[in-house]
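The values are calculated or read from the model by the stated rules, or taken from the named source; none is laboratory data. Just so it is clear, the model here is predicted, and its values are computed rather than measured. Here the Cβ is made from the backbone with ideal geometry for all residues, glycine too, and neighbour counts use every protein chain on show. Surface areas here come from the heavy atoms of the whole protein model, side chains and all, with no ligands, DNA or RNA. Shrake-Rupley method; radii C 1.70, N 1.55, O 1.52, S 1.80 Å.
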Amino acid sequence: MTLIKSISGIRGTIGGKPGTAFTPFEAVKYAAAFGMWAKSSHKDPKVVIGRDARVSGEMINHLVIASLQSVGVNVIDIGLATTPTVEIAVTEEKAHGGIIITASHNPGQWNALKLLNAAGEFVSAEVGEEILHIAETDAIEFVSVSKLGWYKTKDNYTKIHIDKILALPEVDVEAIKKKNFKIAIDCVNSVGGIAVPMLLQALGVKTIEKLFCEPTGVFQHNPEPVPENLSQICYKIEQGTFDLGIVVDPDVDRLVLIQENGTPFGEEYTLVAVADYILGLQPGNTVSNLSSTIALQDVTEKHGGKYTAAAVGEVNVVTTMKKTKAVIGGEGNGGVIFPKLHYGRDALVGIALFLTHLAKFGKPVSRLKATYPDYHIAKFKLDLTPDLDIDGLLKGVQEKYAKMKINTQDGIKIYFGKEWVHLRKSNTEPIIRIIAESDSVATAEHLANKIISDIREIIANGKIQST
């Protein structure tokens, strides 16, 4: 049983006792708290809600609707919908916020409430803290019968989202149609199974091989779109004559691509390729998080733009994109943010932009991948005892590498020329995440293991104190 409360929402496993997991009590309390926050700045607030297809979604949906109505908030329910679709619906409806019922890439026993502001973007850290405070201090007041919020449903927002993508001048439907692409897709039994085929058909793709596209919410494999979970679609493409494979996570904010030879394009390179296309049309600035590949910086500078690294987390990337007026940005987990559409990770717009790029490139996906710098990322995590001073430990590593270029914006990131190692502590458990990048897998792993060895030496020598 797990329950994680954070500024971006609440997430946990279904079942168990209140306070130890994501039970109906938690769903009601935090949805009502979100409603109270919406009421604090709007006289007659309305909130958009949508959900992915996981089995517990319908139950949580009912609880969230009732909770919002019970504090006097009006509800527009768009049903099964991707995360970016809900984000777009918030602004289209001129709503005062949104709740997405999804645990993103987590397995089926998980669910969560993701919280949006009136701009259809994830709430800020300050707002998140305010909502948590409301929930934890029981500052919730339910309204009388005459003041209950109203409830409406709208089921056309996937089409509205796709129509907005098709209207983008950067999306060339005719170029995509002419290529007659053959595409295999894996939508992990969630809302991508509704949205991705609809988008591809609208783009003129006639041959679509569907894997796990029934939105049953019963995931047939681990839903996180990383290479070890993509064996079925890779094998399918390897055995066939497909031009491309497309994989999304359960709420469709991450896009992963498979090359025509059955090998992953690399989730880090989804954003790199899309950015390359956009920057070729409109030179400008880019943003990704500190744990993302440096290849985006290389591509950005090639086009005469400036690259900026943001702290990990979509809200941090979006804030930095606005500050730097970035024309494209996102995260190295396959998350593409295209501000012309909206400020949110959106696999659907990523698909349309990538297919346009591929159509205009005119050669197989593997040839396109070969045009980009070849970097490799190694990811590790180091479990620590709960009483260890992790901040002190990170400071010890920083002191050891004081002569190197170091970024302390989010944990510590140490640069060794084009190579780097990023160390971040988890906000929910006593671990340090260690991510390293180099031009070879072996070197990236060596860098990460060297830092892990340094951490263990610092602990062994008693250079930090337990809390």
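Brief remarks on what is shown
- Among the protein heavy atoms, those of Val145 account for about 120 Å² of accessible surface (1.4 Å probe, every chain in place).
- The spread of Cα positions in segment 214-266, taken along each principal axis and listed from longest to shortest, comes to 29, 18, 18 Å.
- Model label points for Glu126 and Lys178, set 7 angstrom from Cα along the Cα-to-Cβ axis, are 5.1 nm apart.
- Lys, Arg +1 and Asp, Glu -1 on Cβ, resulting dipole of the chain about Cα centre, debye, nearest 20: 700 debye
- Shown is the FRET efficiency for Val55 and Gln232, computed with R0 = 25 Å from the Cβ-Cβ distance and rounded to the nearest 0.05: 0.75.
- Heavy-atom SASA rank of Phe219, Phe361 (probe 1.4 Å, accessible area, largest first): Phe361, Phe219
- Exceedance of the 25 Å cut-off in Cα-Cα distance is limited, within the set Lys340/Lys381; Lys425/Lys450; Lys405/Lys450; Lys302/Lys363; Lys46/Lys210; Lys323/Lys369, to Lys340/Lys381; Lys46/Lys210; Lys323/Lys369.
- Solvent-accessible surface (1.4 angstrom probe) belonging to Arg51, in square angstrom, nearest 10: 40 Å²
- Helical runs (DSSP H, four residues minimum) scored at -39500 (n - 2.57) apiece and divided by the length of the chain put the mean residue ellipticity at 222 nm at -11500 deg cm²/dmol.
- Cα-based shape type of segment 150-231, given that a ≥ b ≥ c are square roots of the gyration tensor eigenvalues and the cut on a/c is 1.5: oblate
- Remark: spin-label model distance Phe416-Ser440 equals 1.2 nm, labels positioned 7 Å along the Cα→Cβ axis.
- Square roots of five times the Cα gyration tensor eigenvalues for segment 104-241, Å: 37, 22, 15
- Just the protein heavy atoms count here, and of the accessible area of the chain at 1.4 Å, carbon and sulfur take up 51 percent.
- Each residue, Thr153 and Thr241, gets one label point 7 Å from its Cα in the Cβ direction; the gap between the two is 4.4 nm.
- Once the chain from Ala119 to Leu166 is taken as fully extended at 0.36 nm per residue, the excess over their C-alpha distance is 14.8 nm.
- Note on segment 314-467: Cα-only Rg and Dmax are 18.9, 59 Å.
- Per-residue extension of 0.36 nm, minus the Cα-Cα distance of Phe25 and Glu399, leaves a gain of 130.1 nm for this segment.
- Phe142 contributes about 120 Å² of solvent-accessible surface, heavy atoms of the protein only, 1.4 Å probe.
- For segment 253-294, the C-alpha radius of gyration sits at 1.29 times the compact-globule guess of 2.2 N^0.38 Å, with N the residue count.
- Of the listed residues Asp374, Asp138, the order by accessible area with a 1.4 Å probe, largest first, is Asp138, Asp374.
- Rg ratio (alpha-carbon, reference 2.2 N^0.38 Å) - segment 134-198: 1.96
- On the basis of the beta-carbon distance and an R0 of 35 Å, Asp383 and Lys210 show a calculated FRET efficiency of 0.35.
- Given charges at Cβ of Lys, Arg, Asp, Glu: the chain dipole, positive-most of Val71, Gly240, Leu423: Gly240
- Where the alpha-carbon atoms of the chain are placed on the principal axes, they occupy 65, 64, 40 Å, in descending order.
- The Rg/Rh ratio of segment 1-85, with both radii computed over alpha carbons and Rh defined as the Kirkwood radius, is 0.96.
- 20 °C / 1.002 mPa s Stokes-Einstein diffusion coefficient of segment 231-329, Kirkwood radius on C-alpha pairs, µm²/s: 148 µm²/s
- Solvent-accessible area per residue, Å², over the chain with all protein chains present [probe radius 1.4 Å]: 41 Å²
- Förster-model FRET efficiency, 22 Å R0, Ala139 and Thr91, C-beta, rounded to 0.05: 0.20
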